[in-house]
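A.B. asks: Let me give you the structure first, and then I'll get to my questions.
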Amino acid sequence: MVQTNYEMKKNNTLKVFKALKEKGALSRREIESVTGLSWGTVSAVTNELLSRGFVVAQKESSGTGRPPSVLTLSETEYLLLGIDVNSVGICFNVVNLGGKTVFSEFFPVVSRKKDDVLALLEERTE
(Lines give C-alpha, C1' and ligand atoms only; values in the text may rest on other atoms or scores of the structure.)
Protein backbone atom coordinates (compact mmCIF):
# COMPACT_ATOMS: atom_id res chain seq x y z
CA MET A 1 0.00 0.00 0.00
CA VAL A 2 1.42 3.35 -1.02
CA GLN A 3 1.04 6.17 1.49
CA THR A 4 0.76 9.81 0.56
CA ASN A 5 3.01 12.35 2.28
CA TYR A 6 0.03 13.47 4.36
CA GLU A 7 -0.68 9.90 5.54
CA MET A 8 2.98 9.30 6.42
CA LYS A 9 3.19 12.57 8.34
CA LYS A 10 -0.05 11.76 10.18
CA ASN A 11 1.14 8.24 11.08
CA ASN A 12 4.54 9.49 12.23
CA THR A 13 2.92 12.17 14.36
CA LEU A 14 0.62 9.58 15.94
CA LYS A 15 3.60 7.34 16.73
CA VAL A 16 5.36 10.19 18.53
CA PHE A 17 2.18 11.27 20.33
CA LYS A 18 1.45 7.68 21.47
CA ALA A 19 5.02 7.20 22.68
CA LEU A 20 4.78 10.33 24.83
CA LYS A 21 1.36 9.33 26.15
CA GLU A 22 2.44 5.79 27.04
CA LYS A 23 6.00 6.43 28.26
CA GLY A 24 5.77 9.95 29.67
CA ALA A 25 8.71 12.34 29.37
CA LEU A 26 11.15 11.30 26.63
CA SER A 27 14.16 12.83 24.94
CA ARG A 28 14.20 12.99 21.16
CA ARG A 29 16.72 10.11 21.10
CA GLU A 30 14.39 8.03 23.27
CA ILE A 31 11.48 8.84 20.94
CA GLU A 32 13.63 7.72 18.02
CA SER A 33 14.37 4.42 19.78
CA VAL A 34 10.80 3.76 20.94
CA THR A 35 9.10 4.59 17.63
CA GLY A 36 11.71 3.33 15.18
CA LEU A 37 11.48 6.61 13.27
CA SER A 38 14.56 8.34 11.86
CA TRP A 39 16.22 11.22 13.70
CA GLY A 40 15.11 13.65 10.99
CA THR A 41 11.49 12.52 11.23
CA VAL A 42 11.50 12.71 15.04
CA SER A 43 13.02 16.19 14.88
CA ALA A 44 10.48 17.44 12.32
CA VAL A 45 7.47 15.92 14.12
CA THR A 46 8.50 17.10 17.60
CA ASN A 47 9.24 20.62 16.32
CA GLU A 48 5.75 20.73 14.80
CA LEU A 49 4.14 19.47 18.02
CA LEU A 50 6.15 21.99 20.06
CA SER A 51 5.18 24.90 17.80
CA ARG A 52 1.50 24.02 18.06
CA GLY A 53 1.63 23.66 21.86
CA PHE A 54 0.74 19.96 21.98
CA VAL A 55 4.12 19.17 23.54
CA VAL A 56 6.32 21.07 26.00
CA ALA A 57 10.08 20.77 26.51
CA GLN A 58 11.70 20.58 29.93
CA LYS A 59 15.40 20.49 30.77
CA GLU A 60 16.43 17.27 32.42
CA SER A 61 18.94 17.72 35.23
CA SER A 62 22.12 15.73 34.80
CA GLY A 63 25.59 15.69 36.26
CA THR A 64 27.84 17.01 33.50
CA GLY A 65 27.55 18.41 30.01
CA ARG A 66 24.60 19.98 28.32
CA PRO A 67 21.41 18.48 29.74
CA PRO A 68 19.06 17.04 27.10
CA SER A 69 15.53 18.36 27.00
CA VAL A 70 12.71 15.91 27.50
CA LEU A 71 9.33 16.30 25.87
CA THR A 72 5.96 15.76 27.51
CA LEU A 73 2.39 16.24 26.42
CA SER A 74 0.96 19.63 27.31
CA GLU A 75 -1.42 19.35 30.23
CA THR A 76 -2.79 22.87 30.09
CA GLU A 77 -2.80 24.09 26.50
CA TYR A 78 -5.43 21.77 25.00
CA LEU A 79 -8.43 20.10 26.56
CA LEU A 80 -10.82 17.53 25.13
CA LEU A 81 -14.53 17.20 25.87
CA GLY A 82 -16.14 13.79 26.03
CA ILE A 83 -19.91 13.45 26.27
CA ASP A 84 -21.64 10.19 27.23
CA VAL A 85 -25.36 10.20 26.51
CA ASN A 86 -27.32 7.25 27.85
CA SER A 87 -30.76 6.36 29.18
CA VAL A 88 -30.18 7.69 32.71
CA GLY A 89 -28.25 10.86 31.99
CA ILE A 90 -25.50 12.77 30.30
CA CYS A 91 -21.94 12.77 31.60
CA PHE A 92 -19.47 15.47 30.55
CA ASN A 93 -15.75 14.81 30.97
CA VAL A 94 -13.00 17.29 30.21
CA VAL A 95 -9.53 15.73 29.94
CA ASN A 96 -6.08 17.01 29.05
CA LEU A 97 -3.93 15.51 26.29
CA GLY A 98 -2.42 13.08 28.78
CA GLY A 99 -5.86 11.66 29.51
CA LYS A 100 -6.18 13.10 33.02
CA THR A 101 -9.66 14.23 33.98
CA VAL A 102 -9.82 17.96 34.62
CA PHE A 103 -13.58 18.22 35.13
CA SER A 104 -16.49 15.78 35.21
CA GLU A 105 -20.18 16.36 35.74
CA PHE A 106 -23.32 14.22 35.42
CA PHE A 107 -26.81 15.49 34.60
CA PRO A 108 -29.79 13.15 34.90
CA VAL A 109 -32.12 12.99 31.93
CA VAL A 110 -35.63 14.00 33.04
CA SER A 111 -37.23 13.37 29.68
CA ARG A 112 -36.11 10.86 27.06
CA LYS A 113 -37.56 12.89 24.21
CA LYS A 114 -34.98 13.70 21.56
CA ASP A 115 -35.65 17.45 21.65
CA ASP A 116 -35.35 17.58 25.45
CA VAL A 117 -32.05 15.68 25.43
CA LEU A 118 -30.68 17.90 22.65
CA ALA A 119 -31.80 21.01 24.55
CA LEU A 120 -29.94 19.79 27.65
CA LEU A 121 -26.84 19.13 25.56
CA GLU A 122 -27.00 22.57 24.00
CA GLU A 123 -27.57 24.26 27.36
CA ARG A 124 -24.60 22.51 29.02
CA THR A 125 -22.12 22.96 26.18
CA GLU A 126 -22.56 26.71 25.62
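A.B. asks: Using a Cα-Cα cut-off of under 29 Å, which lysines could be cross-linked to Lys23, ignoring same-chain neighbours fewer than 8 residues away?
C.D. replies: Lys9, Lys10, Lys15, Lys59, Lys100
A.B. asks: Could you provide, to the nearest whole Å², the per residue accessible area of the chain with probe 1.4 Å?
C.D. replies: Accessible area per residue, the chain: 69 Å².
A.B. asks: With +1 on each Lys and Arg Cβ and -1 on each Asp and Glu Cβ, how big is the dipole of the chain about its Cα centre, in debye rounded to the nearest 20? Working shown, then result.
C.D. replies: Numbers: 16 positive and 15 negative charges, 112 e Å.
Dipole size: approximately 540 debye.
A.B. asks: Same structure, new question: Taking trypsin sites (Lys or Arg not before Pro) as exposed when DSSP calls them loop (any state but H, G, I, E, B) and at most 11 other Cβ atoms lie within 10 Å, what is the longest stretch of the chain free of them, the sites themselves excluded? Write out the running numbers ahead of the final one.
C.D. replies: Working: sites that count: Lys100, Arg112, Lys113.
Here the longest run is 1-99.
A.B. asks: Quote the Stokes-Einstein diffusion coefficient, in whole µm² s⁻¹, for the chain, based on the Kirkwood radius over alpha carbon pairs, a temperature of 25 °C and a viscosity of 0.890 mPa s.
C.D. replies: So the translational diffusion coefficient is about 142 µm²/s.
A.B. asks: Please compute the length gained on full extension between Ser69 and Glu22, using 0.36 nm multiplied by the number of residues separating them and subtracting their Cα-Cα distance.
C.D. replies: Numbers: separation 47, 0.36 × 47 = 16.92 nm, distance 1.81 nm.
Once the chain is fully extended between Ser69 and Glu22, it gains 15.1 nm.
A.B. asks: For Lys114, go through the aspartates and glutamates and keep the ones whose alpha-carbon is under 18 Å away, minus same-chain ones fewer than eight residues off.
C.D. replies: Hits, sequence-local ones excluded: Asp84, Glu122, Glu123.
A.B. asks: Picking from Val85, Val102, Val34, which is most flexible by a Gaussian network model of the chain using Cα springs under 10 Å?
C.D. replies: Val85
A.B. asks: Starting from the Cα-Cα distance between Asn11 and Arg29, subtract it from 0.36 nm times their residue separation and give me the gain in nm to one decimal.
C.D. replies: Values: separation 18, 0.36 × 18 = 6.48 nm, distance 1.86 nm.
Taking 0.36 nm per residue and subtracting the Cα distance, the gain is 4.6 nm.
A.B. asks: Just subtract the alpha-carbon distance of Lys114 and Ala44 from 0.36 nm times their residue separation and send over the number in nm, one decimal.
C.D. replies: 20.5 nm
A.B. asks: Taking all protein chains as present, what is the carbon and sulfur share of the accessible area of the chain, in % to the nearest whole number, probe 1.4 Å?
C.D. replies: Its accessible area is 52 percent carbon and sulfur atoms.
A.B. asks: In region 1-110, which chymotrypsin sites (Phe, Trp or Tyr not before Pro) fall in coil by DSSP and have 15 or fewer other Cβ atoms within 10 Å? Walk me through the numbers before you get to the answer.
C.D. replies: On the way: sites: Tyr6, Phe17, Trp39, Phe54, Tyr78, Phe92, Phe103, Phe106; in loops: Phe54, Tyr78.
Qualifying residues, ordered by number: Tyr78.
A.B. asks: What whole-number distance in Å separates the alpha-carbon centres of region 108-125 and region 1-48?
C.D. replies: 41 Å
The values are calculated or read from the model by the stated rules, or taken from the named source; none is laboratory data. Please read all numbers here as calculations on a predicted model, not as lab measurements. All Cβ positions, even for glycine, are placed from backbone atoms using ideal geometry, and neighbour counts span all protein chains on display. The accessibility values were calculated without ligands, DNA or RNA, using every heavy atom of the protein model including side chains. Shrake-Rupley method; radii C 1.70, N 1.55, O 1.52, S 1.80 Å.
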